Amino acid sequence: KILPCVRREQVTMRHGRAKSSRRTLQFYRLNAPHIVKSPYKILLDGTFLAASIRNKVPLHDRFSKTLQHAEFTFYVTRSTLVELGNLAEEAEKVNKSGVRGKRNHATNLGEDVEAILRMARQFGLDECEIIESDGIPPDESTERNGESSKKKKNKAFKDFSDASIDIFRLSTVGGKNNFSYFVATQDDALSDALRSMPYVPLFRLGRAVLLLESPSAASRRFTSGVEQVKLASAGGLMTLEERRIVDVLKKKEKVKLQEKVKEEEKKAKKRDAEQFGVSFGGAFTQRKESKRAKGPNPLSCKKRKV
């Protein structure tokens, strides 16, 4: 009796996730069409690869369902593969020595960490297109100062690894993800940083369930700002000269409205002064006396009998 209820809840949850994914894709399709185009470009993080191996998630099947069976391509940076290799070597040394080293995100993978990390790295080598370090855009702030990004990291990246920095730069080019990457990561710091930038779709794993996050607040704010600009410029069809003419006409209408309001206020003050005998400033004025009849109208009176 319990099993049908459990299945019904699971089906409802699946439908809810599918509906949420459709809405998210529709948002990006309307407001950032450069992102939602086939084949989709999915940039995988080392933490995401390791979590998918640990939970035995069939990534191709899950991404295909979430993206409504559209074509997609997996990408991984060279720094991510190097990071996974280094962590696997550290895990191997720990297993041999029996002494646990510095705590990092690899320690949360449970037992057999070395095997999971090596399998994650192998998946990146076999199933993903590799982005070399030459393809990573440089940091604009370090470029202005004439310093190498490898020597001096930005303050915003102080808690980031080299792999996370590369992913952040790739997915935030131009301030609105000009390279059109979907980012899949389990790193909370990287996720928070990407949510503060517009138009960066995020994937994450909730245990063994693949989730596409709803558009971030930064994306919605950026979209509302673009819509306001479109409304002000008639959908972007107005020329600069036409905008100037419209601004001049708006100023003239504003001046006319202010003059009209002032005239109405003066008339209201005058009415109050005539009615109550007091001017708006508080000074008393003589109230005008209405003319009274001196006597009865002789034409409306009966003649006296003689």
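In table form, for the structure just shown:
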item: Residues with amide H under 5 Å from that of Leu43, placed H, sequence gap 5 or more; result: Tyr75, Phe182, Val183, Ala184
item: Cross-link pairs beyond the 21 Å C-alpha cut-off, checked among Lys230/Lys250; Lys56/Lys93; Lys267/Lys291; result: Lys56/Lys93; Lys267/Lys291
item: Aspartates and glutamates with Cα under 15 Å of Lys256, excluding same-chain neighbours fewer than 8 positions away; result: Asp247, Glu264, Glu265
item: Using a Förster distance of 41 Å, the FRET efficiency for Arg14-Asp112 (Cβ separation, nearest 0.05); result: 0.85
item: Proximal lysines relative to Lys158, as straight alpha-carbon distance under 22 Å, when same-chain residues fewer than 8 apart are discounted; result: Lys102, Lys150
item: Label-to-label distance, nm, for residues given as Glu132 and Val229 (7 Å Cα→Cβ offset); result: 3.6 nm
item: Accessible heavy-atom area order of Arg304, Arg244, Arg62, highest first, probe of 1.4 Å; result: Arg304, Arg244, Arg62
item: Ranked by how many other beta carbons lie within 10 Å on average, peptides 26-35, 262-271 from highest; result: 26-35, 262-271
item: Within the accessible area of region 182-221 (1.4 Å probe), percent carbon and sulfur; result: 47 percent
item: Net charge contributed by nearby residues that have their C-beta within less than 13 Å of Leu125 (K/R +1, D/E -1); result: 0
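The values are calculated or read from the model by the stated rules, or taken from the named source; none is laboratory data. Given the structure is predicted, the values throughout are model-derived calculations rather than measurements. Every residue, glycine as well, gets a Cβ built from its backbone with ideal geometry; the counts of neighbours run over all protein chains shown. Side chains are part of the model used for accessible areas, which takes the heavy atoms of the whole protein and leaves out ligands, DNA and RNA. Shrake-Rupley method; radii C 1.70, N 1.55, O 1.52, S 1.80 Å.
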